[in-house]
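As structure tokens, the structure follows; a few thoughts come after it.
The values are calculated or read from the model by the stated rules, or taken from the named source; none is laboratory data. Owing to the predicted nature of the structure, the values given are computational and were not obtained by experimental measurement. Heads up, the Cβs are rebuilt from the backbone with ideal geometry, glycines too, and the neighbour counts pull from every protein chain shown. Calculation scope for accessible area: heavy atoms of the full protein, side chains included, ligands and nucleic acids excluded. Shrake-Rupley method; radii C 1.70, N 1.55, O 1.52, S 1.80 Å.
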Amino acid sequence: MTVDRTAESGAGTPPETDAEPWHGSVATSADAQPGSTRTADAAALEFRSGRWIAGWDAENKEQWESKGRSIAKRNLNWSIFAEFLGFVVWQLWSIVVVQLPAAGFTFTTSEIFWLISMPSLVGATLRIPYTFMVPRFGGRNWTIVSALLLLIPSIGLAVCVSNPETPFGVMLLVAALAGFGGGNFASSMANITFFYPAREKGWALGLNAAGGNLGAAVAQLAVPIAITLLAAGTVNLPVAGLMWVPFILLAAFGAWKYMDNLTSAKGDVAGSVAALKEPHLWIMAFLYIGTFGSFIGFAGVFPKLIKDYFPDFSSIAVGTVALSLAFLGPLVGSLARPFGGRMADRMGGARMTVTTFAAMAAITLVMIWTLPLKNFWLFLALFLMLFTASGFGNGATYRMIPIIFATSSRAAKAGASSVHTAKLASASLGLVSAIGAYGGFVIPQVLNASNSASGSYTPAFYGFVGAYVVMLLVCWAFYIRPAKQNAMGHV
């Protein structure tokens, strides 16, 4: 799988080896002739019809400085824009559902949580096949298709919410289609990793990831305002989907007009299959559900929690302001990611991850204990701290994986080359990112089950505290305690 380790953390660069440069799933240009060397002739690029480029080799400095950098930057800019819209669409239902009662819908709380969680379930699942679409169809071509696919959930949402008689089953299906936006992340990251040399890959993918994550925050800021702006005391829910249609069309046009396909972009299915056999992949996936899963899960339910815990915001204007502040959660969580990776470089990813889980457990407990105060600003501040901690954890866990695979994986113990373990780590990072995204489904459903059983979300939050403690202990047991540390070093 070609998703890089910076895909979620936005920090760091892919591991380099003294054997050959590492390009995710490709090590050299697919168009290089046997026995050829990197000379001035290697800088030549062949531009084919359909905006296909042959002879791409980002590690060739002459090619990179003369033509490659400008081409890669152009593709990165449009990739960021398309991925940004993917995250927007992915998060739309988390914002719209809290306004459904005001529009005349009478869904139960359980049904509301299904509408929140279904996009995450589908989006997490689509991350895996989406990764292989770029090698199959070309980065430019798949960006056009994946952008246009966003029109389906956007327009579908507008149609569904315009009629309070729309059956719940139809609403759930359209909400599931919003998962297209979650899948876009994987294909976008897989595409950009082919364009950049190893020395600049981390920065490029960090920008790409940050641009995508920003979509969640912008959607939660803009949609509540847009649907009430001209509604005169009510809500105009179709606007939530229709307002993004021009931008989606612009992204598809930009990809068609300005992006490129690379003949050298090849997938690595065998690497993904091999990575599945590594026990450390599943341990790290479990930990990542706690970090990124919490981030995307709480991003989805935060507007709903604000609405439920503070029903006194009955005024449309006041409620809109409160709900718009929900964007701060995804924003601070996204900004914290690179700092988590940087701190993990200094103190070790395992120690940083353990610290993160301890902080998340403590913050969640304080939030539970202060709920009776009914203080919105305290509630908001504590949740922003929780988002920040999850962001630090995202960077820390991703920093751990390349080191673990280089020192303690089955392949490393069997004497595999550093190039081979680096490719296994890359494949594992893609799989871990997909598994972690299932937290966006799990967290809303746990809250739903808690509310259905007890009429309160409090038991669910205590359950999250317990999960963070378990994850803390797992991380300590496998990667920190002295016996493991002696074998693995500074993970």
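Given that compact globular proteins tend to follow 2.2 N^0.38 Å, what is the ratio of the alpha-carbon Rg of the stretch 193-246 to that value?
Values: Rg = 17.2 Å, N = 54, 2.2 N^0.38 = 10.0 Å.
My calculation over the Cα atoms of the stretch 193-246 gives 1.72.
Highest mean first, how do 91-99, 209-217, 44-52 rank when packing is the count of other Cβ atoms within 10 Å averaged over residues? Walk me through the intermediate numbers first.
Working: 91-99: 26.8, 209-217: 24.6, 44-52: 12.4.
The peptides rank, most packed first, as 91-99, 209-217, 44-52.
Evaluate the relative contact order of the stretch 160-314 (contact order divided by residue number), counting alpha-carbon pairs under 8 angstrom at least 6 apart; express in whole percent. Display every interim value, and only then the final one.
Details: 39 pairs, mean separation 26.4, N = 155.
This gives 17 percent for the stretch 160-314.
Working with all protein chains in place, sort Val354, Val446 by solvent-accessible area computed with a 1.4 Å probe, largest first.
Working: Val354 25, Val446 55 Å².
These residues rank, largest area first, as Val446, Val354.
Could you give the dipole magnitude of the stretch 29-182 about its Cα centre, charging the beta-carbon of Lys and Arg +1 and that of Asp and Glu -1, in debye to the nearest 20? Don't skip to the end; give the middle numbers.
Working: 11 positive and 10 negative charges, 56 e Å.
Roughly 280 debye, rounded to the nearest 20.
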